[in-house]
Every structure is written in structure tokens, then in C-alpha cells.
Amino acid sequence: MNRFARVTTLAAALLSASLISGTASAQLATAAQPSAAPATAPAQARKANIVIIGTGGTIAGAGASAINTAAYQSAVVPVDKIIASVPEVSKVANVKGEQIFQIGSESFNNERLLKLGKRVSELLKQPDVDGIVITHGTDTIEETAYFLNLTLKSDKPVVVVGSMRPGTALGADGALNLYDAVLVASNPASKGKGTLVVLNDEIHTGRDVTKSNTFKAETFRSQFGPLGYVVEGRSLFYRLPARPHTLQTEWDIDKIDKLPEVAVVYAYGNVNPASIDAAVKNGAKAIIYAATGNGSVGDYMVEPLKAARAKGVQIVRASRTGSGVVVRNAEQPDDKYDWIVTDDQLPQKARILMALALTQTSDPKALQQVFWKY
Ligand code: GLU
């Protein structure tokens, strides 16, 4: 029996013992007081209608044993089963599951991103839908959330949620994360705050959040802190997103059918200049150069990047450090070379923003403004 077949067989037994029968949910039932109304929301006359879209990830994962918190198969449990395993969810909202994908989030590509965005947009237009929760792998949750944050044309809450441990593991976090995500999506105070990411008791804006640890439940961080907390059945906001999102942006998911190719080239000592040529040959319209420090570029990399720019490819200096801003004309003369800097955006998020920006302009000055705005 191959590894995945063995995992699946064992997982089925574990699922019926733990996930499906709701071991984790039973703990939740004592924690979530039915009387605890969302603190920042006015009393609601009716329960919100929330659609939960399943895309896969660890929140839909299963391991061979309860100690498999990091080695397991992701994207195997259907969204309806995940919902059924957390009965507390239907106490706060009328929920309906919809399976759009069953994949690890590393398998997201432009086509899948567009398909998801268009479906979310369709659902948000329905008057009887109050909000959307998307279950998603944690690896690229930040890219999907940022993309939706920039392209959805609705102020209804959209919350992307995942988990770091499969439902079969000791200390599984998916049940509570899903419950919290539905709470946030149901809370009228979440309206108009863009696409949110909820995990580990925290509410983050899709713009800033990033995964920072490979296995710990406390992995998501935002450079400027989360927007709020979810605690004991209450979602609490303390900050607002400062940059434009959803209704305030120039992109509409319904009008985008294709995204241009944007490559990320990672810098390191002895980085191979051929990686720039490879990106250009592959049809990249822009290269996000995940540079060292404050977007610094090795002396032997300057000419290959200038040559790519001469062929019409946009060059964006980003930083591989994970935080801070890249300062224009500091490490390199961006004005002279006609290059762009990312502001504070991480390379993988800069890729999303650049792909969207290129649907409207190829003027590097306008593209620079987009980075400073969003
Ligand atoms: N690599 C998988 C994914 O991103 C599992 C990781 C997770 O969801 O935490 O979907």
C-alpha cells in the first residue's frame, strides 16, 4: 500500500472517531456561550446566511495518527463534512457548503484564483447571502486573500480560513478557526473591511497577513498587527485597513478573464543571472526581484535586469527580509533605470498586485503609484 493509500485508510477511522463525531466541537460547546453576542455589532434580528466555499488545505486534511500534526494528507475531507463536524457553526449562522476545489493551496494558479474570485463575486450579488467563508490551505492563503481584497466589488464580509493541523490531530485548530471565521463573516462590523483572514484567534487584513512558520498554530502575522481578535464567540476589531480595497479599487473580478505572467526571482549570494533571462523567455511582463535587504541588487545582476527592462519587462525591487519598505532610489537609481519599488509588499503579494496593475497600464510611473497606493 502506498503512503497516501495507507494515510487515507487510517484517516477514515480517525475521522469517524474524532473529526466527524466532533471531539474538538465538544470542547467548543463549553467555550462559546450562546448569549455572547458580537461586541462590536448591533443585535441582529436574524441569523446571517453564510456560504462556506471549500478549496482544500489542511483544514480539509487527515493524518494517519493523532500525533501527525505536520505529516498528513491535505485536501481530503469534503466541506460539508467539515461543517457537520462543528455543529456550533449553525448556532451563529445559516451555513451552506460549496466545494469548488479540493487542493493544497500551493496548487493555486491564476486560473483557479480567477475561478474562485468569480464564484465569490456571484454569490455576493445574491441578496440572501450575507457573507462568505472560504476554507483554504495556509501556504498561499495570503495571496488569495490579497487578490480578493483588491478585486471583489462588495462590502459584504469575505473571510478566508485555514488550519495548521488536520482535524485528526491532537490539538486540531480547524474547528475553532472555522467557528471563528463564521462568527466574523456574520458580524455586521466586518462589513467594508475588505477580505479578512481568520486563524488562531486573530483577524487579519488580507493585504498584510503572511504565513511565518511552517508548522506552528501561531504562524500568521501582519507587519502592523492584526485588526482584531475572536474570543469566546465575540469578534472584536481594534484597527482598520489603511489602504484601499474592494469597492475602492480599480479592479473588478467580473471583468478580468486573464492575468499576465509575472515572475518572482529570488536573490541570494551567487544568484544566477540566467534566471532573469529565463523569466523573460517565459513571457514574463514583469519581474519581482526578491532582493536582499532594502532591495539591494548584486553588481553582476544590474545589467541583466537593465537588459530585461530594455525589452519592455517591468522590474520591481522587493525585499526577501519579510518586513520593512523598499526605498525608491536608495540601493539602486530607480528613476534612471525606470524600475519600480514595492513599498512594503512581500514578493508573492507584489506579484498579485503587479499582475492586476498590468491589466490596466504598462506605464512604470503609474505602476509605481499603484504600489504606493495599495
Ligand atoms: N500545503 C497545504 C496547503 O497549503 C497544507 C498546508 C495548510 O493548509 O496548512 O494547502
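Read-outs throughout are calculated quantities, based only on the coordinates presented, and are distinct from any laboratory measurement. A quick note: this is a predicted structure, and the numbers were derived from the prediction, not measured. Don't worry about glycine lacking a Cβ; one is built from the backbone with ideal geometry, like all the others, and counts go over all protein chains shown.
Tell me, please, whether a residue that is among the polar types (S, T, N, Q) and assigned to a loop (DSSP other than H, G, I, E, B) can be found in segment 221-229. Checked against the condition, which is being among the polar types (S, T, N, Q) and assigned to a loop (DSSP other than H, G, I, E, B), segment 221-229 yields at least one hit.
Of all residues in segment 55-69, those satisfying the criterion of being within 21 Å of the chain's Cα centre (by Cα) and either away from the ligand (no atom under 15 Å from the Cβ) or not hydroxyl-bearing (Ser, Thr, Tyr) (or both) are Gly56, Gly57, Ile59, Ala60, Gly61. Restricting attention to segment 202-223, does a residue exist that is surrounded by 24 or more Cβ atoms within 10 Å (Cβ to Cβ), closer than 20 Å to Val89 by Cβ and among the aliphatic types (A, V, I, L, M)? For segment 202-223, residues surrounded by 24 or more Cβ atoms within 10 Å (Cβ to Cβ), closer than 20 Å to Val89 by Cβ and among the aliphatic types (A, V, I, L, M): present.
Looking only at residues in segment 224-233 that are in contact (Cβ under 8 Å) with a residue 40 or more places away in the chain and over 21 Å from Asn149 (Cα atoms), the one that is surrounded by the most Cβ atoms within 10 Å (Cβ to Cβ) is Gly233. Cβ-Cβ contacts under 6 Å between residues 6 or more apart (or on different chains), taken from a first residue in segment 126-151 that is among the small types (Gly, Ala, Ser) to a second residue that is part of a helix (DSSP H, G or I) and within 15 Å of the ligand (Cβ to nearest atom), are listed as Gly137/Ser105. Among the residues making up segment 109-138, a single one is within 14 Å of the ligand (Cβ to nearest atom) and over 12 Å from Thr55 (Cβ atoms): Asn109. Candidates in segment 139-175 are the residues that are assigned to a helix (DSSP H, G or I) and more than 15 Å from the ligand (Cβ to nearest atom); of these, the one that is farthest from Thr205 (Cα to Cα) is Thr151. Across segment 70-108, the qualifying residues are those that are in contact with an Asp or Glu (Cβ under 6 Å, 6 or more places away or on another chain) and assigned to a helix (DSSP H, G or I), and the one among them that is farthest from the ligand (Cβ to nearest atom) is Glu106.
Wholly within segment 305-373, which helices (runs of 4 or more DSSP H) include no fewer than the required count, namely at least 3 residues that are closer than 21 Å to Trp251 by Cα and among the hydrophobic types (A, V, I, L, M, F, W, C)? Can you show your working first?
Working: elements: 334-337, 347-357, 364-373.
Where helices (runs of 4 or more DSSP H) fall fully within segment 305-373 and carry at least 3 residues being closer than 21 Å to Trp251 by Cα and among the hydrophobic types (A, V, I, L, M, F, W, C), they are 347-357, 364-373.
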